[in-house]
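Here is the structure we will look at, set down as structure tokens.
The values are calculated or read from the model by the stated rules, or taken from the named source; none is laboratory data. Predicted, not measured: the structure shown is a model, and the values here were computed from it. Here the Cβ positions follow ideal geometry from the backbone for every residue, glycine too, while neighbour counts run over all protein chains shown. With ligands, DNA and RNA removed, areas are computed over all heavy atoms of the protein, side chains included. Shrake-Rupley method; radii C 1.70, N 1.55, O 1.52, S 1.80 Å.
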Amino acid sequence: RGWGVEDKKIVELNWNEVFKIDEVEFTSLPARHFSGRGPLNRNSTLWSSWAIKSSAIKIYFSGDSGYSPEFRTIGEQFGPFDLAFVECGQYNEAWSEIHMFPDQTVQTAIDLRASAVLPIHNSKYELALHAWDAPLEGARNAGIEKNMQVVTPMIGQTFLYQNKYR
């Protein structure tokens, strides 16, 4: 609304509510972060992740989230997923509740019952003290260790993903 978007084009959902656009179904799901950007509005709105489903593919998008046991529940209720876009970067022990370490990104994909994971929220700016490429390197290594396919295209690169299990 503040950017001039018409009310009829704005959809607000609570967790586990569904919105469809043509044949694509969006389900708002839990994530773990804080919301609000000022000192007086902390935790004033839901922080959401998304299950996105069509007849061709099932995708999970974590948004900006810390690791949570809730991901296993999401995998049981909404999975399996063909591809999961999962937060991986800007991690620090002090932020462990709201940002994931690379091994947690891979574990999240396993919990979600995803065929592959594409780490997001990394390599664009420096907020944490780790090297800019440490999240992707860590996720690749964790993927090898935990037998999870990790997809890491270059920023701006397009790619064609085919689920090897379909």
Notebook entry, point to check: Highest GNM mean-square fluctuation, the chain, Cα pairs closer than 10 Å: which of 46, 127, 83?
Noted result: 127
Check: Out of the DSSP beta bridges found with both residues in the chain, what percent are antiparallel (nearest 5)?
Finding: 60 percent
Margin query: Please list, by residue number, every one of the GluC sites (Glu not before Pro) in region 97-155 that is coil in DSSP and has at most 14 other beta-carbon atoms within 10 Å.
Written below: 97, 126
Notebook entry, point to check: Pick from 133, 64, 82: which residue has the top mean-square fluctuation in a GNM of the chain where Cα pairs under 10 Å get a spring?
Noted result: 133
Notebook entry, point to check: DSSP loop GluC sites (Glu not before Pro) in region 1-36 with at most 10 other Cβ atoms within 10 Å of their Cβ, which ones?
Noted result: 6, 12, 23
Note to self: Heavy atoms of the protein only, probe of 1.4 Å, neighbouring chains included. What is the accessible area of residue 32 in Å², nearest 10?
What the structure shows: 80 Å²
Next item on the list: With the full set of protein chains in place, find how many percent of the accessible area of region 25-166 is carbon and sulfur; take the probe as 1.4 Å.
Entry: 55 percent
Notebook entry, point to check: From the phi of every residue in region 131-141, what ³J(HN,Hα) in whole Hz does the Karplus formula 6.51 cos²θ - 1.76 cosθ + 1.60 yield, where θ is phi - 60° and glycine or proline is x?
Noted result: 4, 4, 9, 4, x, 5, 4, x, 5, 4, 5
